[in-house]
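Presented below is the structure to which this report refers.
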Amino acid sequence: MKCVVINGKKSLISSTINSPKLKNGNVIIDVKKAGICGSDIHYWDAGMPEGLVMGHEFCGVVTETGDRTDLKIGDRVTALPISPCGECPACRSGNPQYCPETWNNAVGLSLTNPGAYAESTSIRSDLVIKVPSNITDAEVAMVEPAAVGLHAVNLADIKIGNKVLVIGAGIIGDICAMFAKMCGASYVAVSETNVKRGKKAVTLKCADEYFDAKDANFMENVKKECPYGYDVVLDCSGNSSAVSTALICAKPNGTVVCVGVAMDSITIPSVVLVMHELKVFGAIGYTIDEFKECINLMSSRKIDMLKFVDDIVGLDEVQNAFERLTSGDDNAIKILIDPKK
């Protein structure tokens, strides 16, 4: 079957691999839509591991039910794209994101489990979730990133009237800003180096105001509304500058949630963290309940995820889509893949 694989640093190529076969009770799906994630961009940027078929955000139709007696061929599904052990304290508490096994064989994130940048993929049966008929394939492919944003905002524990700063107006940043407003934040600002993306966050009504992170007067500008600091800052970038900004912009005893991931070590002004007694959380993945809740929010029309989708491309166009998302001069924040296009 046709797929897209990593072929070196910032290089993706169309290729073919064997279609998945029934094994260990796994469910096999025909991929309808798959999302390009920020973690995929990290892999692409590093060019490793070569041969990886990415794609952990997806919607598909069941072609083989595996050991799931409640599924039938033709059911529309998505899945938690992870590989938790199911037995450790984290798994038993509904927090598989903490399980030491959860990323070892994750769909689209490991060589052992090719993902949805392909015509079909195989998924561990206990992680497959049927989706309501009133959610489109494109929306279903957005469940996973929605859950990432929801988890981060839940960790932030935003209260009605809080003032929130989101650093980074990519897809996760915009989703975090959206959920912050839903939690009752009275003011949500975003900072971003890409002016087009920053302005887009305001246009999409995710944020009330945008601040250019490259502006020489950035710190003065971003603190006009909150001279004593923001109640909550969510960093969705992950680099040293962004994390430092998050710590500096939080009010004393405020909350900082680090959502973005840096692939290398970073430096931060720890004196600010200590002197202001900041509460700092790392956010990874989501709980099972949060993943399911995002499906419910879409089905009940409480959230609109389609407004974030900028384009849908075929497998032959994926390399160009990655280049577009990383250009720094394009307002695109989310591009989906249709393997049949």
Looking at (1) assigned to a loop (DSSP other than H, G, I, E, B); (2) among the β-branched types (V, I, T); (3) touching a residue at least 60 places away in the same chain (Cβ under 8 Å), which is the only condition V107 fails?
(3)
Failed item in (1) without any contact (Cβ under 8 Å) to a residue 40 or more places away in the chain; (2) assigned to a helix (DSSP H, G or I); (3) closer than 30 Å to E225 by Cα; (4) not charged (D, E, K, R), with A90 passing the rest
(3)
Report whether or not N7 is open to solvent by less than 40 Å² (accessible area, probe 1.4 Å), out of contact with any His (no Cβ under 7 Å at 6 or more places or on another chain) and not charged (D, E, K, R).
no
Pick out, from the stretch 165-259, the strands (runs of 3 or more DSSP E) lying fully within it that include 2 or more residues that are of a type outside the set (V, I, T) and over 24 Å from L273 (Cα atoms).
209-212
Identify the residue in the stretch 210-233 that is under 25 Å from the mean Cα position of the chain (by Cα) and over 21 Å from G328 (Cβ atoms) and, among all such residues, is most open to solvent (accessible area, probe 1.4 Å).
D231
Only one of L12, L22 is more than 15 Å from the chain's Cα centre (by Cα) and either under 19 Å from V140 (Cβ atoms) or open to solvent by less than 20 Å² (accessible area, probe 1.4 Å) (or both); which?
L12
Could you check how many residues of the stretch 252-275 are in contact with a strand residue (DSSP E or B) (Cβ under 8 Å, 6 or more places away or on another chain) and either within 30 Å of P81 (Cβ to Cβ) or open to solvent by less than 70 Å² (accessible area, probe 1.4 Å) (or both)?
8
Counting only residues in the stretch 274-297 that are among the aliphatic types (A, V, I, L, M) and assigned to a helix (DSSP H, G or I), the one nearest to F58 (Cα to Cα) is identified as I295
Say we look at the stretch 26-73 and pick out the residues that are touching a Cys at 6+ places or on another chain (Cβ under 7 Å) and assigned to a strand (DSSP E or B); which of these is nearest to G8 (Cα to Cα)?
K33
Flagged in the stretch 298-340 as over 18 Å from P145 (Cα atoms), open to solvent by 30 Å² or more (accessible area, probe 1.4 Å) and in a helix (DSSP H, G or I), in numbering order, are D316, E317, Q319, N320, E323, R324
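I'd like to know if the stretch 132-150 contains one or more residues that are polar (S, T, N, Q), open to solvent by less than 10 Å² (accessible area, probe 1.4 Å) and in contact (Cβ under 8 Å) with a residue 40 or more places away in the chain.
no
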Is at least one residue of the stretch 71-83 among the basic types (K, R) and over 21 Å from D30 (Cβ atoms)?
no
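The values are calculated or read from the model by the stated rules, or taken from the named source; none is laboratory data. Keep in mind that this is a model prediction, so the values were computed, not measured. Virtual Cβ from ideal backbone geometry, glycine too; neighbours counted across all protein chains shown. The area values use the complete protein model at the heavy-atom level, side chains included, leaving out ligands, DNA and RNA. Shrake-Rupley method; radii C 1.70, N 1.55, O 1.52, S 1.80 Å.
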